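Visitor: Pasting in a structure now, in structure tokens, and then I'll have a few things to ask.
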Amino acid sequence: MSYFKRNEGTIFFAFASIGFVAFYCINYFIRRCRDRSASAGNTSEEAGMSPRRPPRGLDPEAIDSCPSFVYKEARGIKPGIGELECVVCLNEFKDDETLRLVPPCVHVFHADCVDIWLSHSSTCPICRADVVL
Ligand SMILES: [Zn+2]
Ligand SMILES: [Zn+2]
């Protein structure tokens, strides 16, 4: 009787562990499939967004249509502009440098600096306002 009971217990344990292992395997496979399809979805999404392309910026014509001027001329018109520096390169504006003004917020940068910036981003480097033309 005690032998039978022990045997029964062993069989029960065997079935239970087989069931557990099977459950674990199925679970594992489901998760693996899901992970794979999820990562496949991600890569195809990235491919769709063409990762080689830099973040969306403005095209050269749009950048050119932002008003630009030589610093000393603008300084003559607006004396208050005198203390400014370019936040892109952190250099002060010099008299003979060409500056460019970003339309919505009227922040001013070196034309060379902001041209590069705007070719990668369509927002103002200072306040992140969308550059609208
Ligand atoms: Zn600069
Ligand atoms: Zn701004």
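Any read-out appearing in this document is the output of simple, stated calculations on the displayed coordinates, not a laboratory observation. On a predicted model such as this, the values are computed, not experimentally measured, just so you know. Cβ sites come from the backbone with ideal geometry, for glycine too, and all protein chains shown count toward neighbours.
Visitor: How far is it, in nm, from the label point at Glu92 to the one at Tyr28 when both lie 7 Å from their Cα along the line to the Cβ?
Guide: Between Glu92 and Tyr28, the label points sit 6.9 nm apart.
Visitor: Could you tell me whether the range 60-120 comes out rounded, prolate or oblate from its Cα gyration tensor? Rule is a ≥ b ≥ c as square roots of the eigenvalues, rounded for a/c under 1.5, then prolate if a/b exceeds b/c, otherwise oblate. Can you show the working numbers first?
Guide: Details: a/c = 1.86, a/b = 1.48, b/c = 1.26.
Since a/c reaches 1.5 and a/b is larger than b/c, the shape of the range 60-120 is classed as prolate.
Visitor: Relative to the present Cα-Cα distance, how much length would full extension add between Ala16 and His120 at 0.36 nm per residue of separation? Mind showing how you got there, number by number?
Guide: Working: separation 104, 0.36 × 104 = 37.44 nm, distance 6.00 nm.
Using 0.36 nm per residue and subtracting the Cα-Cα distance, I get 31.4 nm.
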